[in-house]
Structures are given as structure tokens and as C-alpha cells.
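Note sheet for the following structure.
The values are calculated or read from the model by the stated rules, or taken from the named source; none is laboratory data. These numbers come from a predicted model, not from an experiment. Positions of Cβ are generated from backbone atoms using ideal geometry, with glycine treated the same way; all protein chains shown enter the neighbour counts. Note: accessible area is taken over every heavy atom of the protein model, side chains too, but ligands, DNA and RNA are not part of it. Shrake-Rupley method; radii C 1.70, N 1.55, O 1.52, S 1.80 Å.
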Amino acid sequence: MKRSSPVTDGHRLPLVEEFYSIQGEGCNTGKAAYFIRVGGCDICCSWCDTKYSWDAGLHPMVGIDVIASNVLAAGADSVVVTGGEPLMWDMGPLCELLRSKGIKTYLETSGAFPLTGSWDWITLSPKRGSPPLPGILPLADELKVVIQGGTDFEDAEIYKEKVKPGCQLLLQPEWSRYSEIIAEITEYVKKNPGWRVSLQAHKFMHIP
Ligand code: SF4
């Protein structure tokens, strides 16, 4: 699919929400982090739990200096940039500013747009309707595949072949199908121990 990114110099971003919480997914589960949810996504996953983030125009454009000040005021030492799809925007200026202040930068992305920004950790979560661009696969620190059903396990194995050695491999049940799918995932991981289970621990903790 040919697509285009909004025009931006990355110094202001559509801010859906920001909050200091605990990372609930992937290898960094349990760590405190400041979350920045950036607006805009055209991938339209049917099970998306942040549909309110899709239309970037609904959210205020906020200067990255304001965002960085809020991160520092919260006392956080790391930021998770999520969405929406953050890579619809130029993430270079935000990352540069945060890192200049000693803040670690973590990215959550589908990989469907070109990578911008400097990241301490890249979580790649491919989406079936809009596969990741080839260039980002070898850069991912963790590959987090959401399992809903269908060919998700087969797709996960295809992506596994394209990430770098040492990339952490995670299978995460799609939240609304947790009860139906978790047994299948645990059996799969027992048979394929290169993978591990990722749960959305923040949802069990009832925190954002
Ligand atoms: Fe939602 Fe993420 Fe899918 Fe976009 S890529 S529709 S934000 S789950």
C-alpha cells in the first residue's frame, strides 16, 4: 500500500495522552516509564484498543519541549512512545531532546512507516493489514506478535526469520480474545521455546 506521512518537522506532535505508569507488555514489563501516545494511524486493526488515537486531527499539536518538561517533572528515566503509529511523524527531534536530558527512548511501532529517531529499544509489533517495511525488521530489539487467530502463528514465524539474532520473540494474546486464545499460545510456546508469552500486565493491574 502506498501511503504518505503528514508533513511535520517533528517539533510538535499530536498528543493523544501522556502518563507515567508501568510498562505492561514485552521484555520491559514491570518497569516504570512515561508514556507518550502520539495521534495518527491508518492501519485500522479491527481489535485496536486505541481507536481514539487514529485521527491525529482530533488531538492538540504539542511542542516537544513541553513534552520533555512533563517527562522530567514526573521523575521518569525512560519514555515509551506509542500510538497510534508514531512513525507517521518525524521522531528525530523528540528523541534527540529526550536523550540530551538523559531519558531513554523506547518505541512501539508496527514498522509500516520509515524509521526516524534514535531509540534505546524498538518494539516491533507487525500488523497483518500493513506489514513492516523490510528495513526495520533487523533493528527490532523485540518482536511482539499479537495473536488473535487465523495465520498469526505462521506470520510470527515468517517475521522471526527476518529479525536480528538476539531479538526477543514474544507472542501476546489479543486482549478481547484472551480467554479463547491463551491456552493455544501457552502450548505453542512450550513446543517452540524460542518464543515467550507477553501479557498486557497493565490491564490486569487496572492501570493505564
Ligand atoms: Fe491500533 Fe496499533 Fe493497529 Fe494502529 S497499528 S490500528 S494503533 S493496534
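From the list Gly24, Gly63, Gly30, exactly one residue is open to solvent by less than 60 Å² (accessible area, probe 1.4 Å) and more than 16 Å from Gln200 (Cβ to Cβ). Which is it?
Working: Gly24 fails: more than 16 Å from Gln200 (Cβ to Cβ); Gly30 fails: more than 16 Å from Gln200 (Cβ to Cβ).
So the residue among Gly24, Gly63, Gly30 that is open to solvent by less than 60 Å² (accessible area, probe 1.4 Å) and more than 16 Å from Gln200 (Cβ to Cβ) is Gly63.
When only residues in the stretch 48-57 that are in contact (Cβ under 8 Å) with a residue 24 or more places away in the chain and not polar (S, T, N, Q) count, which is surrounded by the fewest Cβ atoms within 10 Å (Cβ to Cβ)?
Gly57
Can you give me the ranges of the strands (runs of 3 or more DSSP E) entirely in the stretch 96-179 with at least 1 residues that are open to solvent by 30 Å² or more (accessible area, probe 1.4 Å)? Full working, then the answer.
Numbers: elements: 104-109, 121-124, 142-147, 168-173.
Hits in the stretch 96-179: 104-109, 121-124, 168-173.
Looking at Cys45 and the list (1) within 16 Å of the ligand (Cβ to nearest atom); (2) part of a loop (DSSP other than H, G, I, E, B); (3) over 25 Å from Gly135 (Cα atoms); (4) touching a residue at least 60 places away in the same chain (Cβ under 8 Å), which single condition is not satisfied?
Among (1) within 16 Å of the ligand (Cβ to nearest atom); (2) part of a loop (DSSP other than H, G, I, E, B); (3) over 25 Å from Gly135 (Cα atoms); (4) touching a residue at least 60 places away in the same chain (Cβ under 8 Å), the lone unmet condition for Cys45 is (3).
Consider Gly75 against the criteria (1) touching a residue at least 60 places away in the same chain (Cβ under 8 Å); (2) surrounded by fewer than 16 Cβ atoms within 10 Å (Cβ to Cβ); (3) more than 16 Å from the ligand (Cβ to nearest atom); (4) farther than 21 Å from Trp89 by Cβ: it satisfies all of them except one. Which criterion is unmet?
(1)
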